[in-house]
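The values are calculated or read from the model by the stated rules, or taken from the named source; none is laboratory data. Keep in mind it's a predicted model, so treat the numbers as computed, not measured. Neighbour counts are summed over all protein chains in view; Cβ atoms, including those assigned to glycine, are modelled from backbone coordinates with ideal geometry.
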Amino acid sequence: METMGISQFKAHALKVLDRVTKTREGIVITRRGEPVAQVLPISGSDAPGKMGSLADTLVFEKDIVSPLGNEMWECGR
């Protein structure tokens with residue numbers, strides 16, 4: 001895996017991220033020769049298309065009291 005100094009990464013971060021996305025190969029960021037971070041392409045299970053995947057599975061009720069009944073709401077007071 002390629003390594004890159006932190007100052008070089010800071011100066012060219014957008015280009016580096018574009019390259020990681022395109023090549024699907026990670027880069028290790030170093031500070032004074034010591035690894036401090038790793039930039040990796042996003043994996044299939046974490047891909048942006050998966051975010052919010054439960055949004056269409058929820059059911060929103062207009063009346064939130066009726067499903068439990070009035071007595072259940074009263075005992076919570």
Report summary line: Within the range 20-34, residues being farther than 9 Å from residue 4 by Cα and surrounded by 15 or more Cβ atoms within 10 Å (Cβ to Cβ) number 1
Report summary line: Counted residues in the range 28-71 being modelled with pLDDT of 70 or more, assigned to a loop (DSSP other than H, G, I, E, B) and β-branched (Val, Ile, Thr) come to 2
Report task. Starting from the range 2-27, keep only residues that are part of a helix (DSSP H, G or I), then list their pairs with residues that are hydroxyl-bearing (Ser, Thr, Tyr) whose Cβ atoms are within a distance under 7 Å, requiring at least 6 positions of separation or different chains. Result -> 6/30
